[in-house]
Amino acid sequence: MASERLSSILSHLTPGKSGLSAITQKNPDDVVITLAIRTPLTKGFKGGLKDTPLDFIVYTLLKQVLDKSRIDPQLIEDVCLGNVSNGKAAYIARAASLAAGYPTTAGASSVNRFCSSGLKAVQDVANQIMSGSIDIGVAIGAESMSEGGDRLEKPFHDEILKDPNAADCQQPMGQTSENVGKDFEISREAQDRFAAESYQRAERAQKAGWFDDEIVPFKTKVKDPKTGELKEVTLTKDEGPRYGTTFESLNKIRPAFPQYGDRSTGGNSSQVTDGAAAVLLMRRSRAHSLNQPILAKYVGSTIAGVAPRIMGIGPSLAIPKLLSKYNLNLQNDIDIIELNEAFASMGGMAGLFVNEQL
């Protein structure tokens, strides 16, 4: 074990390999993902999880991590929950993990980085493994937007509002989407075309069963809005894809935020969503000793801040920064890119950057 550890350290220190050849090396100290599962993603306020509280969503998925991986719960050292909408998420992470069968010796925490809170949880657990703090951990991102959205309850202090960028932190997401569309000249037509392609891709993927292996069936109860009766259901499919969506159909939808602009609509903006996703991360050497399947290697991540009024363009800055850190070329080294598409204006902006590099 000591010799493996030394070899791993030396391999990181030895110069020569860079870029793709470097990150595809396999070392005992690599951080790897051995399980990746999620609930179906349902429509907020009217979908399959609208009556399911956040704590039960988190509990159910954490329990599925144990059931699917068959790992000894005593080996898990930390659970990190990424969540935006609930200020008491740390309580939920701890209570839900204990109820799901995780030991009291496993810590629990919550993080909030808005749209990337789930990714922040992954980064947090991965960094702990990289630093030697832990060997095995679970990262989960979960939201019940039906329970309550993310909004300021009162304005910032006057001293804070004197700074224009600070004041812009109060802008709602719809306004920031319109700002991106205007500032970067992403037209309504371009946004609708981007959204139509996104819907069509989601439809093809769902029909082909591409998501079936990662989605765990979720048993819960849904209240009938007319009778108030609770009905037991088992959710197995995402509710977001709208079959048959075309550019022409999207182009007929009225603007969602007319007070800010006329480019973002309910058709080219993401739905309000309930659901959760989780990954089991560990050191490669532990994965081998525990006979856990290795799905992927976690290489690294980075953070890029932008002006609050155009917050959605973050990927356009983070992607080149991350590629530069690992001496990677987007055209030659990257096969698949998954981007946040909260609004077509923001997804389109990131898409423009990607296309410029190809």
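Where a number appears in this text, it was derived from the coordinates with a stated rule and is not lab data. Owing to the predicted nature of the structure, the values given are computational and were not obtained by experimental measurement. Cβ placement follows ideal geometry from the backbone for every residue including glycine, while neighbour counts extend to all protein chains displayed.
Going by a ≥ b ≥ c, the root eigenvalues of the Cα gyration tensor, does segment 160-282 fall in the rounded group (a/c under 1.5), the prolate group (a/b larger than b/c) or the oblate group? Verdict is prolate for segment 160-282.
Legend: P(r) of segment 78-148 from all alpha carbon pair distances, 10 Å bins from 0, whole percents, reading 23, 52, 24, 2. In this Cβ point-charge picture (+1 for Lys and Arg, -1 for Asp and Glu), the chain has a dipole of about 420 debye about its Cα centre. Normalising the average separation of contacting C-alpha pairs (under 8 angstrom, six or more residues apart) by the number of residues puts the relative contact order of the chain at 29 percent. Taking the Cα of Lys182, stepping 7 Å toward and past its beta carbon, and measuring to each backbone N in segment 298-328: which are under 18 Å? Flagged as within label range: 307-313. Computed over segment 25-78, the convex hull of the alpha-carbon atoms projects to a mean area of 5.6 nm².
Amide H contacts of Tyr298: Val31, Val32, Ile33, each under 5 Å away and 5 or more positions distant or on a separate chain (H built 1.01 Å from N in the peptide plane; Pro and chain starts excluded).
Each residue of segment 104-112 was assigned a 3J(HN,Hα) from its phi angle through the Karplus expression (A = 6.51, B = -1.76, C = 1.60, θ = phi - 60°), giving 5, 6, 8, x, 8, 8, 10, 9, 9 Hz with x at Gly and Pro.
For the chain, modelled as a GNM whose springs connect Cα atoms under 10 angstrom apart, the maximal fluctuation among Asp78, Asp135, Asp212 occurs at Asp212. The average projected area of segment 263-357, computed from the convex hull of its Cα atoms over all directions, is 8.7 nm². Straight-line reach from Lys231: taking Cα to Cα under 17 Å and skipping same-chain neighbours fewer than 8 places apart, the aspartates and glutamates in range are Asp51. Long hydrophobic helices in the chain, taken as whole DSSP H segments with a C-alpha length of 20 Å or more on their own axis and mean Kyte-Doolittle hydropathy at least 0.0: 54-69, 117-131. Listed values for segment 242-259 are Karplus-derived 3J(HN,Hα) couplings in whole Hz (6.51 cos²θ - 1.76 cosθ + 1.60, θ = phi - 60°), namely 9, 5, x, 5, 10, 4, 4, 5, 5, 5, 8, 7, 6, x, 8, 10, x, 6, and x replaces Gly and Pro. Quick one: if you stick a label point 7 Å off each Cα along the C-beta vector at Ile253 and Leu317, how many nm between them? The modelled label-to-label distance comes out at 2.8 nm. Once a ≥ b ≥ c are taken as the square roots of the eigenvalues of the Cα gyration tensor of segment 142-230, is the result rounded (a/c under 1.5), prolate (a/b larger than b/c) or oblate (a/b not larger than b/c)? Since a/c reaches 1.5 but b/c is at least a/b, the shape of segment 142-230 is classed as oblate. Helix-only arithmetic for the chain: the sum of -39500 (n - 2.57) across DSSP H runs with n ≥ 4, divided by the residue total, places the mean residue ellipticity at 222 nm at -11500 deg cm²/dmol. Converting phi to 3J(HN,Hα) with the Karplus coefficients 6.51, -1.76 and 1.60 and the offset θ = phi - 60°, segment 292-307 yields 8, x, 9, 8, 6, 9, 7, 8, x, 8, 8, 10, 9, x, 9, 4 Hz in sequence order, with x at every glycine or proline. Summing charges over neighbours of Pro225, with a neighbour being any other residue whose Cβ is under 14 Å away from its Cβ, gives +4 when K and R count +1 and D and E count -1. Going from the residue with the fewest nearby Cβ atoms within 10 Å to the one with the most, His288, His157 rank His157, His288. Taking Cβ atoms as reference points and 12 Å as the exclusive limit, the residues near Ser301 contribute a net charge of +3, counting Lys and Arg as +1 and Asp and Glu as -1.
Just the Cα atoms of segment 311-353, one point each, no solvent: what log10 I(q)/I(0) does Debye give at q = 0.15, 0.23, 0.30, 0.31 Å⁻¹? Here the Debye-derived log intensity ratios amount to -0.37, -0.79, -1.10, -1.14. Listed cross-link partners Lys221/Lys252; Lys237/Lys297; Lys120/Lys223; Lys154/Lys297 are compared with a 31 Å cut-off, the Cα-Cα value being larger for Lys221/Lys252; Lys120/Lys223; Lys154/Lys297. In a DSSP loop and with at most 10 other Cβ atoms within 10 Å, the GluC sites (Glu not before Pro) in segment 219-301 are Glu229. The C-alpha radius of gyration of the chain, expressed as a fraction of 2.2 N^0.38 Å, stands at 1.05.
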